[in-house]
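Peer 1: One structure, pasted below without further comment.
The values are calculated or read from the model by the stated rules, or taken from the named source; none is laboratory data. Please read all numbers here as calculations on a predicted model, not as lab measurements. All Cβ positions, glycine included, derive from the backbone under ideal geometry; neighbour counts span all protein chains shown. Surface accessibility is based on the protein's heavy atoms, side chains included, excluding ligands, DNA and RNA. Shrake-Rupley method; radii C 1.70, N 1.55, O 1.52, S 1.80 Å.
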Amino acid sequence: QVQLVESGGGLVQPGGSLRLSCAASGSISGVYARGWYRQAPGKQRELVATISVLGNTNYADSVKGRFTISRDNAKSTVYLQMDTLEPEDTAVYYCVLRTLGGDYWGQGTQVTVSS
């Protein structure tokens, strides 16, 4: 059983920063990527950023230059550093673990950007 536990969400003012964490545990094999998605009210879930096992990263155009995805393999944790946050970044953020056997998702953490 694979579990993903996210943390780090909250309320922040425009221009502020937050760092999300996603810790994985359980019997994990065949991993080829990890990433973050988000879903705003009334909208579809969208890709934010991914990082492959080789360390290659990919970002949505809307977050390029503001968000950074990274990982700590020893802690089985992936991070999303979010800087210069905008109200449009308000959403529930989900981490994903991509394996050859399928995707695993976290429960989501709320990020609200508001003054």
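Peer 1: Can you tally the net charge around Y37? Count Lys and Arg as +1, Asp and Glu as -1, for every other residue whose Cβ sits under 14 Å from the Cβ of Y37.
Peer 2: That works out to +1.
Peer 1: What are the extents of the Cα atoms of the chain along their three principal axes, in Å, largest first?
Peer 2: Principal-axis extents of the chain (Cα, largest first): 42, 25, 24 Å.
Peer 1: What ratio of Cα Rg to 2.2 N^0.38 Å holds for the range 72-115?
Peer 2: My calculation over the Cα atoms of the range 72-115 gives 1.43.
Peer 1: Could you run the Karplus curve 6.51 cos²θ - 1.76 cosθ + 1.60 with θ = phi - 60° over the range 105-115 and give me ³J(HN,Hα) per residue in whole Hz, x for Gly and Pro?
Peer 2: 10, x, 7, x, 9, 7, 10, 10, 10, 7, 8
Peer 1: Another question, if that's okay. Please report, in whole Å³, the volume per residue of the convex hull around the C-alpha atoms of the range 24-86.
Peer 2: Output value, Cα hull per residue: 112 Å³.
Peer 1: If you don't mind, there's one more thing I want to ask. With an 8 Å cut-off on Cα pairs and a minimum separation of 6 or more residues, tell me the relative contact order of the chain in percent.
Peer 2: Relative contact order here is 37 percent.
Peer 1: With a 1.4 Å probe and all protein chains kept in place, how much accessible area does T57 have, in Å² rounded to the nearest 10?
Peer 2: About 70 Å², ignoring ligands and nucleic acids.
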